[in-house]
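One structure is given here, and the rest of the page talks about it.
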């Protein structure tokens, strides 16, 4: 085949161009550390990297969400722990007031301390997080949820429970609404309440009450009625007698699966109402206690009323403590879930980053070897060219 | 004796000419299109002396080009394909870079946008979070716009390329026609000997032309060449030229087409599939427009899903959220060749069914027909095009202003201009609807076991939809809402003021439930907006926006890769074709050097023969002189 010099020349230039462009591309790879800088170099991997990047970015967002959830839950946890402490103090003060030996003056002092606690409770119920959001207001985070009223406190929040996404398909409640924490506390022993009628003239005081047989509990109202100081009857809402007996102070009266202890000396005609527990705000409980303490102990009737009120308050405070513990446990559980999620997300991110770099990351050893061999090839090509260019018959003529 | 002189003279003349031809070959060793020339020598007619025929010398019978038409044709075809691929590659690699740049690309912007929603969900009343969301939405819209305008910019490069190519084709065609005339005259004058230099020039022009657009040629007996373009449209016939013109596309005046007439009725763009011009058309129809459409499809999916979510939640002022994104709807353009002035209007009715195709709606004698504008495949549709019964196909509905004249055509582009027109419609960060529209609550003192589910908005336009409402149970079996008492069935929907809600379980008399607008700290809608990141929106809900962006990158990358591969392969083929042509027509300097020596020696020998003739004659003359003196 005839080979002409001009073809040789143009082919040499084309070959050099080709080599130089490959070298430049490899240099690009080495300097960027990326196996491909344009999708055309590996279209499938480029598409996969986008999906992995998305998963990575989403997972990082979940981590940031989880950190924010952790902060919110820790704020709530602190508030709940303080709430527990305040309720314990309240319980001790109520017990102190119930010793029966306190003067009206002392009782007023105790009432003043309880009022102090009431305002700390209000402060806790109106806790704000670092962003100024009320944490016990449900979704109404910009509205102060609790304000004291004559009978307790009003609630201006709602029943929402903001959730935060901490993983694909997993949201965590970052708060509890104030109604659920402070208002929805069962009265009495959690199942039923026993209340002395306001018009009682005797000194009958309601003591401990328990559920003896949960399967027999009917959930209806009962009235314990004393026809004389030693005889009692238990009536259902239709005035039918469900139990009756002779009363001695400290005696346990049992009916419908319930057990009620009464002490003191009830008068003829005194009644005690037995009703299923309802929800009562902790603020109402405290307010009722303060009102009873302020009434003093001037007469045996007042003393009896105080004892009954303080006993009722103690029961309600116990319920509040139990209730708060339950909420605290749930917050603790959620904190654990967030912590678990944070560590899961962290290892997931490491995994995703590994996958991205295995697709996109450059194998330096092989890239540099390739670059080196291409450089050698280029200099060899150049040398070969100068060698063949020297060959011309014209050199030897004449 | 005179014969010896005349034989030597013919030889000296012939070898001098041969040396001239060789020198000319050397001189043109690097001239493009030059075909090396060969001197054809032949012995002149012999003279009869006695019984024997004695040669009378040598004559030049012709100076011919070392030339193979078939090798030349092969090279031209291969050049056409190569320049088509090279010009296409210029654009696919630019698109590859535009779409594929991950930093600052659509996918990064999308991730930032969804993450910003998630941050707002974590603290829905925080103004900084909302501001960050607004900025990320603006950055996302900006990215779509920039990508789209960069792709549109390629379209103007293509227009400029088409105009330049057409100008060059016309100029080359004119030169070929004029060379044709000169060659015909020159050949006739030289008794059938063609003027080689002109043939070389013409071949060079044809080669040039085939790099601009694939052409085919035929040669007439008088030596003139006819050149045809596209599907055989004549460009040069003997000495006549059909000038090409650029005309605006019948549907899109901003896209240039090539026509053989000025009125644009004979657009031949679609038949030009090779050469630089073929590459420009391919880049436009196979690379740029489909990418713009795919990008537009993403923009439509994003805007539609984000707006729907915005509309179903409440902003910080407690109002339903306004649209977050705005964009241009589908375009439906009537052909400039239409017989009447019927207009078409297209709207997107179902984003999930939307494709990235363009459609051609035509009124034929058999009625309306809808085809895929790129492939020509028929697309099934329903409806007749009236406002009451619009044409519906692939998620797009089309209404015609009247029944079009037969032959009328409309180009429907559902997504072409969407990406370029994507804008953020909100200005104030408080307008993001992070809160769910309605929230429900059970009364704090409820003693029954009934619970209320989430309320669903059925009619956001209802004036009272956000009015706080209490559902009160007067007994376990009946409830009062909006002043009317109804019988209660557990789990049945309770509807009022454009919303519905279900209460399940056993309520007690006196229990109450409330339905009220979402509070500012409610983050349900923001959670739903952030969750859209992985939600299927496109292709009937199977592909998320981000997944669509990944698919776009893969398809753009694959196309660029495929064009690169074809271009490399074609370069190799072309080198081979060049080698073949060069091995026939190229000038090998070593060969010419040898020829030069050969002719020089022959010349020297002939001169020596002449000298010997002279000496012989002198000897003869001397002997005569010697005898007579």
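The values are calculated or read from the model by the stated rules, or taken from the named source; none is laboratory data. Bear in mind the structure is a predicted one, so any value in this text is a computation, not a measurement. Reconstructed Cβ throughout: ideal geometry from the backbone, glycine too, with neighbour counts over all protein chains shown.
Quick notes
- Of all residues making up the range A:35-46, the number that are buried (at least 21 other Cβ atoms within 10 Å of the Cβ) and either at positive phi or in a helix (DSSP H, G or I) (or both): 4
- When B:31, B:56 are checked against the criterion of being under 30 Å from residue B:204 (Cα atoms) and modelled with pLDDT under 90, a single residue qualifies: B:31.
- Taken together, the criteria place residue B:564 among residues that are at negative phi and either in contact (Cβ under 8 Å) with a residue 60 or more places away in the chain or in contact with a helix residue (DSSP H, G or I) (Cβ under 7 Å, 6 or more places away or on another chain) (or both).
- For the range A:342-387, the tally of residues that are within 30 Å of residue B:598 (Cβ to Cβ) and in contact with a helix residue (DSSP H, G or I) (Cβ under 7 Å, 6 or more places away or on another chain) stands at 1.
- Qualifying residue in the range B:501-523 (condition: closer than 30 Å to residue B:298 by Cα and crowded, with 22+ Cβ neighbours inside 10 Å): yes
- Residue ID - surrounded by the most Cβ atoms within 10 Å (Cβ to Cβ), chosen from residues in the range B:204-241 that are in contact (Cβ under 8 Å) with a residue 40 or more places away in the chain and assigned to a loop (DSSP other than H, G, I, E, B): B:213
- Within the option set B:137, B:121, B:163, being out of contact with any helix residue (DSSP H, G or I) (no Cβ under 8 Å at 6 or more places or on another chain) and either assigned to a helix (DSSP H, G or I) or within 14 Å of another protein chain (Cβ to nearest Cβ) (or both) holds for one residue only, B:163.
- Lone unmet requirement of (1) over 21 Å from the mean Cα position of the chain (by Cα); (2) at pLDDT 90 or above for residue B:82: (1)
- For the range B:59-74, the criterion of being over 30 Å from residue B:159 (Cα atoms), part of a loop (DSSP other than H, G, I, E, B) and either under 31 Å from the mean Cα position of the chain (by Cα) or away from every other protein chain (no Cβ under 12 Å) (or both) is met by at least one residue.
- Residues of the range A:131-159 that turn out to be under 16 Å from residue B:441 (Cβ atoms) and assigned to a strand (DSSP E or B), as a count: 2
- Cross-chain or 6+ apart pairs with Cβ under 6 Å, the range B:142-161 first and more than 28 Å from residue B:258 (Cα to Cα), then assigned to a helix (DSSP H, G or I): B:143/B:106; B:143/B:109; B:144/B:299; B:144/B:419; B:145/B:420
- Of the residues making up the range A:26-64, those that are in contact with a strand residue (DSSP E or B) (Cβ under 9 Å, 6 or more places away or on another chain) and either more than 7 Å from chain B (Cβ to nearest Cβ) or in contact (Cβ under 8 Å) with a residue 24 or more places away in the chain (or both) are A:28, A:33, A:34, A:35, A:59, A:62, A:63.
- The criterion of being touching a residue at least 40 places away in the same chain (Cβ under 8 Å) and either more than 45 Å from the chain's Cα centre (by Cα) or within 7 Å of another protein chain (Cβ to nearest Cβ) (or both) holds for residue A:20.
- Residues in the range A:22-34 include at least one that is farther than 30 Å from residue A:344 by Cα and buried (at least 18 other Cβ atoms within 10 Å of the Cβ).
- Listed by position, the strands (runs of 3 or more DSSP E) inside the range B:463-570 whose residues that are more than 14 Å from chain A (Cβ to nearest Cβ) number at least 2 are B:469-475, B:478-481, B:484-487, B:493-496, B:499-504.
- Among the residues of the range A:364-398, those that are within 14 Å of chain B (Cβ to nearest Cβ), surrounded by fewer than 10 Cβ atoms within 10 Å (Cβ to Cβ) and in a helix (DSSP H, G or I) comprise A:395, A:396.
- Some residue of the range A:176-185 being over 16 Å from the mean Cα position of the chain (by Cα), more than 10 Å from chain B (Cβ to nearest Cβ) and under 19 Å from residue A:319 (Cα atoms): yes
- Among the residues listed as A:114, A:135, the single one being more than 30 Å from residue B:122 (Cα to Cα) and assigned by TED's automatic domain parsing to the domain that holds residue A:60: A:114
- Annotation: of all residues in the range A:139-173 being under 12 Å from the mean Cα position of the chain (by Cα) and at the interface with chain B (Cβ under 8 Å from one of its Cβ atoms), the one that is farthest from residue A:291 (Cα to Cα) is A:171.
- Of A:285, A:326, A:339, A:291, all but one fail to be modelled with pLDDT of 90 or more, exposed (fewer than 15 other Cβ atoms within 10 Å of the Cβ) and within 16 Å of residue A:151 (Cα to Cα); the exception is A:291.
- Among the residues making up the range B:228-243, those that are touching a helix residue (DSSP H, G or I) at 6+ places or on another chain (Cβ under 6 Å) and under 27 Å from residue B:85 (Cα atoms) are B:230, B:231, B:235, B:236, B:243.
- The range B:395-425, residues that are part of a loop (DSSP other than H, G, I, E, B) and out of contact with any strand residue (DSSP E or B) (no Cβ under 8 Å at 6 or more places or on another chain): B:402, B:415, B:418
- Which numbered condition residue A:323 fails, given (1) farther than 30 Å from residue A:67 by Cα; (2) touching a strand residue (DSSP E or B) at 6+ places or on another chain (Cβ under 8 Å); (3) touching a residue at least 12 places away in the same chain (Cβ under 8 Å): (1)
Conditions (1) within 29 Å of residue B:109 (Cα to Cα); (2) more than 22 Å from the chain's Cα centre (by Cα); (3) modelled with pLDDT under 95, marked per residue:
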{"residue": "B:321", "(1), (2), (3)": "yes, yes, yes"}
{"residue": "B:331", "(1), (2), (3)": "yes, no, yes"}
{"residue": "B:342", "(1), (2), (3)": "no, yes, yes"}
{"residue": "B:350", "(1), (2), (3)": "yes, yes, yes"}
{"residue": "B:355", "(1), (2), (3)": "yes, no, yes"}
{"residue": "B:363", "(1), (2), (3)": "no, yes, yes"}
{"residue": "B:367", "(1), (2), (3)": "no, yes, yes"}
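- Qualifying residues in the range B:102-118 (those that are without any contact (Cβ under 8 Å) to a residue 40 or more places away in the chain and outside any helix (DSSP H, G or I)) - the one surrounded by the fewest Cβ atoms within 10 Å (Cβ to Cβ): B:103
- Residue match in the range A:313-331 (condition: over 21 Å from the mean Cα position of the chain (by Cα) and farther than 26 Å from residue A:78 by Cα): no
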